[in-house]
Amino acid sequence: MMTQAIKKIIVPELRKQGFKGSYPHFRRKQDTHQELLMFYITKYSASFYIETGVIPLTSYLNSEGDLIPPNKVTVFSLKGNERFTVGSDVVANHDGMYFMMKGLSSEEEHEQLAEEAFTYLKTSEPDWITRCSEWNKKLYESFDEDDA
């Protein structure tokens, strides 16, 4: 039911804002980069989260050394430090926002959760992905500092 709720509530809004792709992977081209977005429903914890990333308009070199065309890259293709879980900047443990489906039984409850999740995306704001990227960079820099 959650997949259907995301498709009904969030995907049409993403389309209005210029995102292309099909559930669970979406992309939007900008002048200087491409914004990526992915929905991930976990198998074992009855929750889902949303990850984003930014790539150049050209091909993407993944961690295995494969060059992936820009129209084939998904968030799943990105290296860990290039992915941002939506809500990481507002959740104390920096893991990001997990939207809990446990206990939801009706279509309406799933749709309400999809509406809540969409409020964290802020994809209509021009700098939304920049803020995600800046936060992600700071987070990974703090990991490097901890190792030093």
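Throughout, read-outs are computed from the coordinates displayed, never taken from laboratory work. Bear in mind that the values here come from a model prediction, so they are computed numbers and not experimental data.
Quick notes
- Taking 0.36 nm per residue of separation and subtracting the Cα-Cα distance, full extension of the segment from Asn71 to Arg15 would add 18.5 nm.
- Checking the Cα-Cα distances for Lys7/Lys72; Lys8/Lys43; Lys20/Lys43; Lys7/Lys102; Lys43/Lys122 against a 24 Å cut-off, the pairs over it are Lys20/Lys43; Lys43/Lys122.
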